[in-house]
Each structure stands twice: as C-alpha cells, then as structure tokens.
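One structure is given below, encoded as structure tokens.
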Amino acid sequence: MLSIKNLYVAIDGKPILDGLSLDVPAGEVHAVMGPNGAGKSTLSYALAGRPGYETAAGSVTLDGEDLLALEANERAARGVFLSFQYPTEIPGVPALTFIRTAMNAQRRARGEAEISAPEFLRLARAKAATLKIDFDMLKRALNVGFSGGEKKRMEILQMAMISPRFAILDETDSGLDIDALRIVADGVNAMRSADRAMLVITHYQRLLDHIRPDRVHVLAAGRIVASGGPELAHALEREGYDKYAKAAA
C-alpha cells in the first residue's frame, strides 16, 4: 500500500530524513520507534504533506500513486490521515462542525455525495460511545479546554469517522493515563482491516502492548536501521537506542 524509497527530507535546508525506505502493506500495522531527534515526526509530516518539509530526493507512493506530487488536502482525499502528537485547538469551531466539514470536503474531492446531517449524527453518536466520549463534548470548540486524553480520543474519533485508507498515529500515547491508553488503543484496533494500513510512531513499547504491530522499525539518524517483529519493541525497552544511534552515525 505505502512504499517509501530512499527519501531525503529537509527543514529550512537542514537534512532530517537521510535515505529512508519503508514499505507498509495493506492490512498491516507497522510501528516506528526511535530516539528524540531521529526524524519520526518529520516522517509523519512529510507523508501528510505539511508545508515546509522539503523533499530533496526519493519517492512516496500510495497504491502506486505519487503522494509527493499532491497537496496536503489531496493526500487526505486519497485516504491519508495524520493523528497529531499535539492536537490543535480551534476556538469557535465545534468538533461536530469540523468533522462533518472534513468528511464532506474529502467526499467532494472523490466525487462522492456528501453525508447527510441525520446520517452524520447517527454515525458520530455511535463512534463517540465506543470511545467513551460524551456527545455534548462534540458540541464544544474543537480541543479547547480538553484534557490530553480527551484530545487524543477526539483524534481517534476523527479517524473512525473519516475512515482513511492509510493512518499515521504520531505518538498517540503521549500524555495518556492507563485507562485513556486502553480506550485509544481499542479505537485504533477497531480500525484494522484488510484494505487499510497504519503507521504507529512511538517512543515506548507500552503502546504496542495494546496495539500489536505486524512489524517494528527503528528510526535513527533519519533512516530505518533495523526491522523486526513485535519482539524488537521489547528489546528496545530493555536495551535502549544507543547501539542503533551509534550504528547510524
């Protein structure tokens, strides 16, 4: 599904990703782990199309289509979704309005009919209940006054509503207590399907106890330096990243 070949990305002229290659097949969940400054968030932003992330070389395709040739909104319409490490607050815009607007913008871009208000509300109520989100919270300004756990659950709700083909979860476990972590992980696991792939970016193995990945990759110095099964995450928890950082230097 997603194929990254020899990707070089710079920010303000400073190289961050240094020949990164990675393949994530449909139906699989892959985890990327690595030390601070390795390029994990840069990878997520480069895939989603955030402005300012300059691709110097390499390719990124989703089902054979060149993602790098598309603007961020076009990538979203193709099914790319990014759950932010630090979700943005949008004063004055109710969460329900935000989500429905995003859904309909993507549907229009794909030539599909917009979702009706009754259908949208039925879907939102059902998805919110599974994530233990009080429906009244969806009437409030997006993320304004929300706790860290509430913001992360709102991100997963957006993913559940939009139903992307390729989801990138950037440190979704950041700031979550144990109960919120389980709820968020359950929401992610409910999205697993044969025609969807997910890339989970995290520092810690604890998230992967709940979202069990098919493959784990170590990102150091801007490139993938090791890959393995879920056992690799346990080894990183025990041993740390030092040997990988030194090997990549």
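The values are calculated or read from the model by the stated rules, or taken from the named source; none is laboratory data. Just so you know, these numbers come straight off a predicted model, no measurement behind them. Using ideal geometry, Cβ is built from the backbone for each residue, glycine included, and neighbour counts are taken over all protein chains shown.
The residue that is farthest from Arg192 (Cα to Cα), counting only those in region 39-78 that are in a loop (DSSP other than H, G, I, E, B) and touching a helix residue (DSSP H, G or I) at 6+ places or on another chain (Cβ under 8 Å), is Pro51. Here region 162-210 is the region considered, the condition is being β-branched (Val, Ile, Thr) and closer than 19 Å to Ala26 by Cα, and the residue that is nearest to the chain's Cα centre (by Cα) is Ile168.
Annotation note: Cβ proximity below 7 Å between a residue of region 10-27 that is farther than 26 Å from Arg165 by Cα and a residue that is loosely packed, with under 13 Cβ neighbours inside 10 Å and modelled with pLDDT under 95 (sequence gap 6+ or interchain) occurs for Ala10/Ala56; Ile11/Gly52. Checking Phe84, Phe120, Phe98 one by one, the residue that is at pLDDT below 95, aromatic (Phe, Trp, Tyr) and out of contact with any Gly (no Cβ under 8 Å at 6 or more places or on another chain) is Phe84 and no other. Of all the listed residues (Asn36, Asn6), the sole one being under 22 Å from Leu207 (Cβ atoms) and exposed (fewer than 14 other Cβ atoms within 10 Å of the Cβ) is Asn36. Go through the residues of region 202-221 one by one and say whether even a single one is surrounded by fewer than 17 Cβ atoms within 10 Å (Cβ to Cβ), in contact with a strand residue (DSSP E or B) (Cβ under 6 Å, 6 or more places away or on another chain) and at pLDDT 90 or above. Checked region 202-221: at least one residue is surrounded by fewer than 17 Cβ atoms within 10 Å (Cβ to Cβ), in contact with a strand residue (DSSP E or B) (Cβ under 6 Å, 6 or more places away or on another chain) and at pLDDT 90 or above.
Of all residues in region 106-140, those satisfying the criterion of being of a type in the set (A, V, I, L, M) and within 16 Å of Ala160 (Cα to Cα) are Ile115, Leu121, Leu123, Ala124, Ala126, Ala128, Ala129, Leu131, Ile133, Leu138.
Determine whether Ile115 is surrounded by 15 or more Cβ atoms within 10 Å (Cβ to Cβ) and farther than 30 Å from Lys5 by Cα. Answer is yes for this residue.
Scan region 112-160 for residues that are in a helix (DSSP H, G or I) and over 16 Å from Phe84 (Cα atoms) and the total you get is 19.
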